[in-house]
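Everything below concerns the one structure shown next.
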Amino acid sequence: MRAFASTVALWGLTLVASAAKCSAESCPVANTSIIAHDGTPVGTEEVHDGVNLYITGEKSDTAVLYLTDVFGIQLAQNKLLADSFGRAGFLTVAPDMFNGTPAPGDINVPGFNTTAFVNAHGPNVTDPIVATAIKYLRETVGVKKIAVTGYCFGGRYAFRFVAPGKGADVAFAAHPSLLTDDEILAIAGPASVAAAETDSAMPPERRHQIEALLLNTTLPYSVALYSGTSHGFGVRANVSDPEQKYGKESAFFDAVRWFTTWA
Ligand SMILES: *[C@@H]1O[C@H](CO)[C@@H](O)[C@H](O)[C@H]1NC(C)=O
Ligand SMILES: *[C@@H]1O[C@H](CO)[C@@H](O)[C@H](O)[C@H]1NC(C)=O
Ligand SMILES: *[C@@H]1O[C@H](CO)[C@@H](O)[C@H](O)[C@H]1NC(C)=O
Ligand SMILES: *[C@@H]1O[C@H](CO)[C@@H](O)[C@H](O)[C@H]1NC(C)=O
Ligand SMILES: *[C@@H]1O[C@H](CO)[C@@H](O)[C@H](O)[C@H]1NC(C)=O
(Lines give C-alpha, C1' and ligand atoms only; values in the text may rest on other atoms or scores of the structure.)
(Ligands and ions follow the chains in the order given, each with its own letter.)
Protein backbone atom coordinates (compact mmCIF):
# COMPACT_ATOMS: atom_id res chain seq x y z
CA MET A 1 0.00 0.00 0.00
CA ARG A 2 2.77 2.36 0.93
CA ALA A 3 4.65 1.51 -2.24
CA PHE A 4 1.54 2.15 -4.32
CA ALA A 5 0.93 5.53 -2.68
CA SER A 6 4.48 6.70 -3.27
CA THR A 7 4.34 5.62 -6.91
CA VAL A 8 1.24 7.72 -7.40
CA ALA A 9 2.91 10.63 -5.62
CA LEU A 10 5.99 10.26 -7.80
CA TRP A 11 3.96 10.47 -10.97
CA GLY A 12 2.06 13.46 -9.64
CA LEU A 13 5.24 15.30 -8.77
CA THR A 14 6.97 14.56 -12.02
CA LEU A 15 4.24 16.07 -14.17
CA VAL A 16 6.08 19.38 -14.15
CA ALA A 17 6.59 21.65 -17.10
CA SER A 18 10.03 21.12 -18.57
CA ALA A 19 12.12 23.33 -20.82
CA ALA A 20 11.66 23.49 -24.59
CA LYS A 21 10.18 20.36 -26.20
CA CYS A 22 8.25 18.91 -23.29
CA SER A 23 4.94 20.20 -22.05
CA ALA A 24 3.52 19.09 -18.73
CA GLU A 25 1.06 16.77 -20.43
CA SER A 26 3.24 15.34 -23.16
CA CYS A 27 6.53 14.63 -21.46
CA PRO A 28 6.56 13.76 -17.78
CA VAL A 29 10.17 13.69 -16.63
CA ALA A 30 9.79 10.12 -15.34
CA ASN A 31 9.25 8.88 -18.91
CA THR A 32 12.04 6.29 -19.04
CA SER A 33 11.79 6.11 -22.84
CA ILE A 34 13.80 9.31 -23.06
CA ILE A 35 16.80 7.57 -21.50
CA ALA A 36 19.04 5.65 -23.92
CA HIS A 37 21.30 3.09 -22.24
CA ASP A 38 22.71 1.84 -25.53
CA GLY A 39 22.50 2.50 -29.25
CA THR A 40 23.99 5.21 -31.41
CA PRO A 41 24.55 8.75 -30.06
CA VAL A 42 22.55 11.42 -31.90
CA GLY A 43 24.67 14.54 -31.25
CA THR A 44 27.54 16.14 -33.14
CA GLU A 45 31.08 17.22 -32.27
CA GLU A 46 32.33 20.72 -33.01
CA VAL A 47 35.55 22.47 -32.05
CA HIS A 48 35.16 25.91 -30.45
CA ASP A 49 38.16 27.90 -29.18
CA GLY A 50 40.29 24.77 -29.41
CA VAL A 51 37.96 22.58 -27.34
CA ASN A 52 36.01 19.69 -28.87
CA LEU A 53 32.36 19.91 -27.76
CA TYR A 54 29.76 17.16 -27.99
CA ILE A 55 26.49 19.00 -28.71
CA THR A 56 23.05 17.42 -28.52
CA GLY A 57 19.42 18.55 -28.15
CA GLU A 58 17.73 21.65 -29.46
CA LYS A 59 18.28 25.24 -28.34
CA SER A 60 16.67 25.97 -24.97
CA ASP A 61 16.71 28.90 -22.53
CA THR A 62 18.46 26.68 -19.98
CA ALA A 63 21.31 24.58 -21.30
CA VAL A 64 22.88 21.55 -19.65
CA LEU A 65 26.66 21.53 -19.35
CA TYR A 66 27.62 17.85 -19.06
CA LEU A 67 30.99 17.15 -17.41
CA THR A 68 32.19 13.60 -17.88
CA ASP A 69 33.95 11.00 -15.80
CA VAL A 70 37.55 10.04 -16.69
CA PHE A 71 36.30 8.12 -19.74
CA GLY A 72 35.41 11.40 -21.44
CA ILE A 73 33.04 12.06 -24.33
CA GLN A 74 34.80 9.18 -26.07
CA LEU A 75 32.69 6.78 -23.95
CA ALA A 76 29.39 6.10 -25.72
CA GLN A 77 27.47 6.00 -22.43
CA ASN A 78 28.47 9.62 -21.76
CA LYS A 79 27.22 10.73 -25.17
CA LEU A 80 24.01 8.71 -24.71
CA LEU A 81 23.28 10.25 -21.31
CA ALA A 82 23.94 13.71 -22.75
CA ASP A 83 21.44 12.81 -25.51
CA SER A 84 18.91 11.90 -22.80
CA PHE A 85 19.22 15.42 -21.36
CA GLY A 86 18.65 16.61 -24.92
CA ARG A 87 15.41 14.62 -25.12
CA ALA A 88 14.39 16.04 -21.74
CA GLY A 89 14.34 19.46 -23.44
CA PHE A 90 17.80 20.89 -22.83
CA LEU A 91 20.45 21.92 -25.31
CA THR A 92 23.32 19.86 -23.89
CA VAL A 93 27.03 20.41 -24.35
CA ALA A 94 29.79 18.09 -23.13
CA PRO A 95 33.38 19.32 -23.55
CA ASP A 96 36.20 16.89 -24.25
CA MET A 97 37.64 17.10 -20.72
CA PHE A 98 40.87 15.27 -21.61
CA ASN A 99 41.62 16.75 -25.02
CA GLY A 100 41.25 13.46 -26.84
CA THR A 101 43.10 11.30 -24.31
CA PRO A 102 40.69 10.04 -21.62
CA ALA A 103 41.45 7.17 -19.26
CA PRO A 104 41.44 3.77 -20.97
CA GLY A 105 38.24 1.73 -20.83
CA ASP A 106 39.19 0.11 -17.56
CA ILE A 107 41.20 2.19 -15.13
CA ASN A 108 42.48 -1.02 -13.57
CA VAL A 109 44.31 -2.03 -16.74
CA PRO A 110 47.95 -2.82 -15.97
CA GLY A 111 50.22 0.12 -16.66
CA PHE A 112 47.58 2.82 -16.23
CA ASN A 113 48.74 5.23 -13.55
CA THR A 114 45.64 6.85 -12.07
CA THR A 115 47.69 9.22 -9.88
CA ALA A 116 49.61 10.52 -12.86
CA PHE A 117 46.37 10.92 -14.84
CA VAL A 118 44.69 12.91 -12.07
CA ASN A 119 47.82 15.06 -11.59
CA ALA A 120 47.94 15.81 -15.30
CA HIS A 121 44.29 16.95 -15.24
CA GLY A 122 44.14 19.28 -12.27
CA PRO A 123 41.94 22.38 -12.12
CA ASN A 124 44.69 24.42 -13.81
CA VAL A 125 44.19 22.28 -16.93
CA THR A 126 40.49 21.40 -16.64
CA ASP A 127 38.97 24.74 -15.56
CA PRO A 128 39.87 26.45 -18.88
CA ILE A 129 38.22 23.62 -20.86
CA VAL A 130 34.98 23.93 -18.86
CA ALA A 131 35.14 27.74 -19.12
CA THR A 132 35.36 27.44 -22.92
CA ALA A 133 32.16 25.37 -22.98
CA ILE A 134 30.44 27.99 -20.79
CA LYS A 135 31.61 30.79 -23.07
CA TYR A 136 30.25 28.89 -26.07
CA LEU A 137 26.84 28.49 -24.40
CA ARG A 138 26.63 32.07 -23.10
CA GLU A 139 28.15 34.00 -25.99
CA THR A 140 27.82 31.88 -29.13
CA VAL A 141 24.47 30.21 -28.44
CA GLY A 142 23.14 32.88 -26.08
CA VAL A 143 21.46 30.67 -23.48
CA LYS A 144 19.96 32.37 -20.43
CA LYS A 145 20.85 29.79 -17.78
CA ILE A 146 23.34 26.96 -17.41
CA ALA A 147 22.62 23.82 -15.41
CA VAL A 148 25.78 21.81 -14.86
CA THR A 149 25.77 18.05 -14.37
CA GLY A 150 28.95 16.14 -13.51
CA TYR A 151 29.92 12.51 -13.00
CA CYS A 152 32.84 11.23 -10.88
CA PHE A 153 35.79 13.38 -12.07
CA GLY A 154 33.34 15.88 -13.60
CA GLY A 155 31.26 16.10 -10.40
CA ARG A 156 33.93 18.20 -8.71
CA TYR A 157 33.79 20.66 -11.61
CA ALA A 158 30.01 20.92 -11.36
CA PHE A 159 30.65 22.42 -7.90
CA ARG A 160 33.59 24.56 -9.08
CA PHE A 161 31.44 26.13 -11.81
CA VAL A 162 28.38 26.92 -9.70
CA ALA A 163 30.63 29.20 -7.61
CA PRO A 164 30.07 32.97 -7.92
CA GLY A 165 30.87 34.34 -11.37
CA LYS A 166 31.85 30.96 -12.83
CA GLY A 167 28.85 30.71 -15.11
CA ALA A 168 26.57 27.91 -13.92
CA ASP A 169 23.29 28.61 -12.09
CA VAL A 170 22.51 25.20 -10.64
CA ALA A 171 24.48 21.97 -10.18
CA PHE A 172 24.00 18.23 -10.02
CA ALA A 173 26.78 15.73 -9.33
CA ALA A 174 26.70 11.94 -9.29
CA HIS A 175 29.38 10.26 -7.15
CA PRO A 176 31.78 13.21 -7.31
CA SER A 177 35.45 12.47 -6.64
CA LEU A 178 38.24 14.79 -5.38
CA LEU A 179 35.63 17.32 -4.24
CA THR A 180 36.97 19.57 -1.45
CA ASP A 181 35.17 21.22 1.46
CA ASP A 182 36.07 24.68 0.16
CA GLU A 183 34.56 23.88 -3.23
CA ILE A 184 31.27 22.89 -1.59
CA LEU A 185 31.13 25.96 0.67
CA ALA A 186 31.91 28.25 -2.29
CA ILE A 187 28.78 27.41 -4.32
CA ALA A 188 26.30 30.14 -5.19
CA GLY A 189 23.49 27.99 -6.64
CA PRO A 190 21.45 24.95 -5.57
CA ALA A 191 23.35 21.65 -5.63
CA SER A 192 22.16 18.06 -5.70
CA VAL A 193 24.23 14.92 -5.23
CA ALA A 194 23.49 11.30 -6.19
CA ALA A 195 25.52 8.85 -4.12
CA ALA A 196 26.40 5.20 -4.60
CA GLU A 197 26.16 2.59 -1.87
CA THR A 198 29.70 1.39 -2.64
CA ASP A 199 32.13 4.17 -3.45
CA SER A 200 35.68 4.38 -2.11
CA ALA A 201 35.85 7.96 -3.44
CA MET A 202 32.78 8.92 -1.39
CA PRO A 203 32.30 6.51 1.53
CA PRO A 204 29.44 7.06 4.04
CA GLU A 205 31.55 9.32 6.32
CA ARG A 206 32.40 11.60 3.42
CA ARG A 207 28.79 11.60 2.26
CA HIS A 208 27.71 12.78 5.71
CA GLN A 209 30.33 15.54 5.64
CA ILE A 210 29.09 16.63 2.24
CA GLU A 211 25.54 16.77 3.62
CA ALA A 212 26.71 18.97 6.52
CA LEU A 213 28.62 21.25 4.19
CA LEU A 214 25.66 21.59 1.83
CA LEU A 215 23.42 22.44 4.78
CA ASN A 216 25.89 25.17 5.74
CA THR A 217 25.66 26.78 2.31
CA THR A 218 22.01 27.66 3.21
CA LEU A 219 21.13 27.03 -0.46
CA PRO A 220 18.62 24.41 -1.62
CA TYR A 221 20.38 21.03 -1.70
CA SER A 222 19.59 17.37 -2.02
CA VAL A 223 21.52 14.15 -1.43
CA ALA A 224 20.12 10.84 -2.68
CA LEU A 225 21.57 7.41 -1.96
CA TYR A 226 20.76 4.43 -4.21
CA SER A 227 20.97 0.83 -2.99
CA GLY A 228 22.86 -1.75 -4.98
CA THR A 229 24.92 0.86 -6.81
CA SER A 230 28.64 1.51 -6.97
CA HIS A 231 30.85 4.39 -8.08
CA GLY A 232 30.08 5.31 -11.68
CA PHE A 233 26.46 4.11 -11.68
CA GLY A 234 25.09 7.45 -12.92
CA VAL A 235 26.71 6.71 -16.30
CA ARG A 236 27.96 3.12 -16.36
CA ALA A 237 25.32 1.16 -14.43
CA ASN A 238 24.74 -2.47 -15.32
CA VAL A 239 21.16 -1.93 -16.43
CA SER A 240 20.46 -5.67 -16.41
CA ASP A 241 20.52 -5.32 -12.63
CA PRO A 242 17.18 -3.80 -11.51
CA GLU A 243 18.68 -1.84 -8.60
CA GLN A 244 21.42 -0.32 -10.72
CA LYS A 245 18.97 0.51 -13.51
CA TYR A 246 16.67 2.20 -11.01
CA GLY A 247 19.61 4.16 -9.55
CA LYS A 248 20.88 5.40 -12.90
CA GLU A 249 17.43 6.38 -14.18
CA SER A 250 16.41 8.05 -10.92
CA ALA A 251 19.67 10.00 -10.74
CA PHE A 252 18.92 11.27 -14.25
CA PHE A 253 15.36 12.28 -13.33
CA ASP A 254 16.65 13.90 -10.12
CA ALA A 255 18.95 16.03 -12.26
CA VAL A 256 16.19 16.95 -14.72
CA ARG A 257 13.78 17.95 -11.93
CA TRP A 258 16.54 19.82 -10.09
CA PHE A 259 17.30 21.84 -13.21
CA THR A 260 13.65 22.42 -14.11
CA THR A 261 12.92 23.59 -10.56
CA TRP A 262 15.97 25.74 -9.80
CA ALA A 263 17.39 27.02 -13.10
C1 LIG B 1 8.04 9.28 -23.67
O2 LIG B 1 9.19 9.63 -24.43
C3 LIG B 1 9.16 9.09 -25.74
C4 LIG B 1 10.53 9.34 -26.37
O5 LIG B 1 10.87 10.72 -26.33
C6 LIG B 1 8.01 9.72 -26.50
O7 LIG B 1 7.94 9.18 -27.80
C8 LIG B 1 6.70 9.43 -25.76
O9 LIG B 1 5.63 10.12 -26.38
C10 LIG B 1 6.81 9.88 -24.30
N11 LIG B 1 5.61 9.42 -23.57
C12 LIG B 1 4.87 10.24 -22.85
C13 LIG B 1 3.74 9.61 -22.11
O14 LIG B 1 5.13 11.44 -22.77
C1 LIG C 1 52.40 7.03 -10.93
O2 LIG C 1 52.54 8.42 -11.09
C3 LIG C 1 53.00 9.07 -9.90
C4 LIG C 1 52.90 10.58 -10.14
O5 LIG C 1 53.45 10.92 -11.39
C6 LIG C 1 54.39 8.60 -9.59
O7 LIG C 1 54.85 9.22 -8.39
C8 LIG C 1 54.37 7.08 -9.39
O9 LIG C 1 55.69 6.59 -9.22
C10 LIG C 1 53.75 6.40 -10.61
N11 LIG C 1 53.55 4.99 -10.31
C12 LIG C 1 53.94 4.03 -11.14
C13 LIG C 1 53.65 2.62 -10.72
O14 LIG C 1 54.50 4.26 -12.21
C1 LIG D 1 49.17 22.19 -13.66
O2 LIG D 1 49.54 21.96 -12.32
C3 LIG D 1 50.35 20.80 -12.18
C4 LIG D 1 50.52 20.52 -10.69
O5 LIG D 1 50.79 21.71 -10.00
C6 LIG D 1 51.67 21.03 -12.91
O7 LIG D 1 52.50 19.90 -12.78
C8 LIG D 1 51.38 21.30 -14.36
O9 LIG D 1 52.58 21.63 -15.05
C10 LIG D 1 50.38 22.42 -14.52
N11 LIG D 1 49.98 22.49 -15.94
C12 LIG D 1 49.82 23.63 -16.58
C13 LIG D 1 49.40 23.50 -18.02
O14 LIG D 1 49.98 24.71 -16.07
C1 LIG E 1 28.51 24.30 9.73
O2 LIG E 1 28.36 25.52 10.41
C3 LIG E 1 28.37 25.37 11.83
C4 LIG E 1 28.01 26.72 12.43
O5 LIG E 1 28.90 27.71 11.95
C6 LIG E 1 29.72 24.84 12.27
O7 LIG E 1 29.73 24.64 13.66
C8 LIG E 1 29.98 23.51 11.58
O9 LIG E 1 31.27 23.05 11.87
C10 LIG E 1 29.83 23.65 10.07
N11 LIG E 1 29.93 22.34 9.46
C12 LIG E 1 30.75 22.06 8.46
C13 LIG E 1 30.76 20.65 7.98
O14 LIG E 1 31.48 22.90 7.97
C1 LIG F 1 24.86 -7.36 -14.77
O2 LIG F 1 23.76 -7.71 -13.96
C3 LIG F 1 23.20 -8.97 -14.29
C4 LIG F 1 21.93 -9.13 -13.44
O5 LIG F 1 22.20 -8.96 -12.07
C6 LIG F 1 24.25 -10.05 -14.00
O7 LIG F 1 23.71 -11.32 -14.36
C8 LIG F 1 25.50 -9.76 -14.85
O9 LIG F 1 26.52 -10.69 -14.51
C10 LIG F 1 25.98 -8.36 -14.61
N11 LIG F 1 27.05 -8.05 -15.56
C12 LIG F 1 28.22 -7.61 -15.17
C13 LIG F 1 29.19 -7.32 -16.24
O14 LIG F 1 28.51 -7.43 -14.00
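Details
- The stretch 230-259: number of residues that are polar (S, T, N, Q) and in contact with a Phe, Trp or Tyr (Cβ under 9 Å, 6 or more places away or on another chain): 2
- Scanning the stretch 65-81 for residues being part of a helix (DSSP H, G or I) and among the polar types (S, T, N, Q) gives a total of 2.
- Taking the stretch 243-261 as the range and being over 11 Å from Ala195 (Cα atoms), away from ligand 1 (no atom under 16 Å from the Cβ) and either among the basic types (Lys, Arg) or surrounded by fewer than 20 Cβ atoms within 10 Å (Cβ to Cβ) (or both) as the test, the residues that pass are Glu243, Lys245, Tyr246, Ser250, Thr261.
- Any hit, the stretch 112-127, residues being touching a residue at least 60 places away in the same chain (Cβ under 8 Å) and not hydroxyl-bearing (Ser, Thr, Tyr): yes
- Candidates are the residues of the stretch 111-134 that are modelled with pLDDT of 95 or more and in a loop (DSSP other than H, G, I, E, B); the one that is farthest from ligand 3 (Cβ to nearest atom) is His121.
Yes or no, residue by residue, for (1) away from ligand 2 (no atom under 16 Å from the Cβ); (2) of a type outside the set (Val, Ile, Thr):
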{"site": "Gln74", "(1), (2)": "yes, yes"}
{"site": "Gly86", "(1), (2)": "yes, yes"}
{"site": "Pro95", "(1), (2)": "yes, yes"}
{"site": "Thr115", "(1), (2)": "no, no"}
{"site": "Asn119", "(1), (2)": "no, yes"}
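- Options Gly72, Gly43; residue that is surrounded by 13 or more Cβ atoms within 10 Å (Cβ to Cβ), at pLDDT 55 or above and on the phi > 0 side of the Ramachandran plot: Gly72
- Check on Phe90, more than 14 Å from Ala63 (Cβ to Cβ) and among the hydrophobic types (A, V, I, L, M, F, W, C): no
- Close Cβ contacts (under 6 Å, 6 or more residues apart or on different chains) running from residues in the stretch 228-242 that are closer than 12 Å to Ala196 by Cα to residues that are in a strand (DSSP E or B) and within 16 Å of ligand 2 (Cβ to nearest atom) are absent.
- Residue count, the stretch 87-105 (criterion: closer than 13 Å to Gly43 by Cα and surrounded by fewer than 24 Cβ atoms within 10 Å (Cβ to Cβ)): 2
- Of all the criteria given as (1) over 20 Å from Ala131 (Cβ atoms); (2) surrounded by 15 or more Cβ atoms within 10 Å (Cβ to Cβ); (3) more than 16 Å from ligand 5 (Cβ to nearest atom), the one not satisfied by Thr229 is (3).
Conditions (1) in contact with a strand residue (DSSP E or B) (Cβ under 9 Å, 6 or more places away or on another chain); (2) modelled with pLDDT under 50, marked per residue:
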residue	(1), (2)
Val16	no, yes
Asn31	no, no
Asp38	no, no
Ile55	yes, no
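- Matching residues in the stretch 207-236 - criterion: being of a type in the set (A, V, I, L, M) and either closer than 21 Å to Phe153 by Cβ or at pLDDT below 95 (or both): Ile210, Leu213, Leu214, Val223, Ala224, Leu225, Val235
- The one condition from (1) at pLDDT 95 or above; (2) of a type in the set (Gly, Ala, Ser); (3) under 28 Å from Glu249 (Cα atoms); (4) over 13 Å from the mean Cα position of the chain (by Cα) that Ala147 does not meet is (4).
The values are calculated or read from the model by the stated rules, or taken from the named source; none is laboratory data. On a predicted model such as this, the values are computed, not experimentally measured, just so you know. Backbone-built Cβ (ideal geometry, glycine too); neighbour counts: all protein chains shown.
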